[in-house]
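Scroll down for the structure; my scribbles are underneath it.
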Amino acid sequence: MSETVTVQAPANIAVIKYWGARDLQHAVPANPSISMTLSSCVSTTSVRIRDAGADEILLGDGGVLRPAEGSFRDRIAAHLQTLRDCLGRHERFVVATRNSFPAAAGMASSASGFAALTVAVSEALGLRLDTERLSELARLSGSGSAARSVMGGWVEWPAASSGERFAAMQLASAEHWTLCDVIAIVQQAPKDVSSLDGHRRAATSPHFERRLTVLPARLAGVRQAIAHRDLAALGEILEQDAIELHLVAMSSRPPIYYWAPATLAVMQTVRNLRVAGRPAFYTMDAGANVHVLCAPADEDAVAQALLATPGVVELVRDRTGSGPRRLETSLFDEAIGHG
Ligand code: PMV
């Protein structure tokens, strides 16, 4: 039996969003994106090579491993095949995966899940790939944002034309600038429209092309804000870009409405916090939940204000993290009744 490799990889929150693709099938984004890698919202994935048979995909759930089902299983199976094709390998795998944050909390788990799977498979095969290569492979999962989750700190994923080698790159480490991300959960059900469908529809919005023309200045502003640890400058741009993602989504055909009434209530709380002298800034991915970025010194006050906002059902507190890491304990060892 081969060695089991277990990798924990984090989710990330984009401050300049990837929204729309030039070539969705090959995960070629329409625009560059920049994100902050998180540390507590993680996926843990154990992989070992099978002696014989087909891929086996298991989902860790409360100390038990169950066979994965439906589109969740299909996407993992497809990515295993993509990895084999790209790496010229033929091995089959047993994979077990688990998220630290409930998928039902409506938070994106595909970036962390596919980053963990990509790193774990490459290590199980004994490959020592650099993070750029891992990023390129992770992006082929169909979750482009997974390309950013193989690195820690502040990460930019450039847009390049199909066929070129392109991968995310680290702009700054977590040590350079650590911010808190207090996530206000206002909707626990999974979203109605996947980000994949959102990317597909984006170009039908009259606001899509215009956003692309203003992005170079926005990206430059974010790079500079990160270099100078300038939260006010970063915050202004990240709010603009979050609103524009949703403007594009709401004006796509057919339109996509990700927000819930409480999304707007949280945005108002954050503006009130700023008036009261607490710098905090909101951003939303393709969902209703609100990520509020602030300095560690303001985290408790921000959390208190968010919890007091009607419609907020739960808070997840996270902060800048340093990327995937290998774990000693595997999900196979932890699980009851699976050898
Ligand atoms: O990685 P995908 O294909 O699920 O797309 C991510 C889309 C957003 O989360 C809304 C934005 C981003 O850049 O993370």
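The values are calculated or read from the model by the stated rules, or taken from the named source; none is laboratory data. On a predicted model such as this, the values are computed, not experimentally measured, just so you know. Here Cβ is always computed from backbone atoms with ideal geometry, including for glycine, and neighbour counts include all displayed protein chains.
Number of residues in segment 126-147 that are at positive phi and more than 10 Å from the ligand (Cβ to nearest atom) equals 1. Segment 206-316 holds helices (runs of 4 or more DSSP H) entirely within its bounds, and those carrying 3 or more residues that are out of contact with any helix residue (DSSP H, G or I) (no Cβ under 6 Å at 6 or more places or on another chain) and within 16 Å of the ligand (Cβ to nearest atom) map to 208-227, 231-250.
Cβ-Cβ contacts under 7 Å between residues 6 or more apart (or on different chains), taken from a first residue in segment 181-201 that is part of a helix (DSSP H, G or I) to a second residue that is β-branched (Val, Ile, Thr), are listed as Gly198/Ile256; Arg201/Ile256. For segment 148-165, what are the residues that are more than 15 Å from the ligand (Cβ to nearest atom) and either part of a helix (DSSP H, G or I) or aromatic (Phe, Trp, Tyr) (or both)? Hits for segment 148-165: nothing passes. Hey, does segment 29-52 have a residue that's small (Gly, Ala, Ser), modelled with pLDDT under 95, on the phi > 0 side of the Ramachandran plot and not in a strand (DSSP E or B)? The answer is no, given that none of the residues of segment 29-52 is small (Gly, Ala, Ser), modelled with pLDDT under 95, on the phi > 0 side of the Ramachandran plot and not in a strand (DSSP E or B). So, in segment 190-202, of the ones that are under 21 Å from Leu140 (Cα atoms) and surrounded by fewer than 18 Cβ atoms within 10 Å (Cβ to Cβ), which residue ends up nearest to the ligand (Cβ to nearest atom)? Applying the filter and picking the extreme gives Leu196. Against the list (1) touching a residue at least 40 places away in the same chain (Cβ under 8 Å); (2) within 21 Å of the chain's Cα centre (by Cα), the condition His246 fails is (1). Selection of segment 166-182 for residues being farther than 14 Å from Thr320 by Cβ and buried (at least 16 other Cβ atoms within 10 Å of the Cβ) yields Phe166, Ala167, Ala168. Summed over segment 16-41, the residues that are among the β-branched types (Val, Ile, Thr), more than 9 Å from the ligand (Cβ to nearest atom) and buried (at least 20 other Cβ atoms within 10 Å of the Cβ) give a count of 1.
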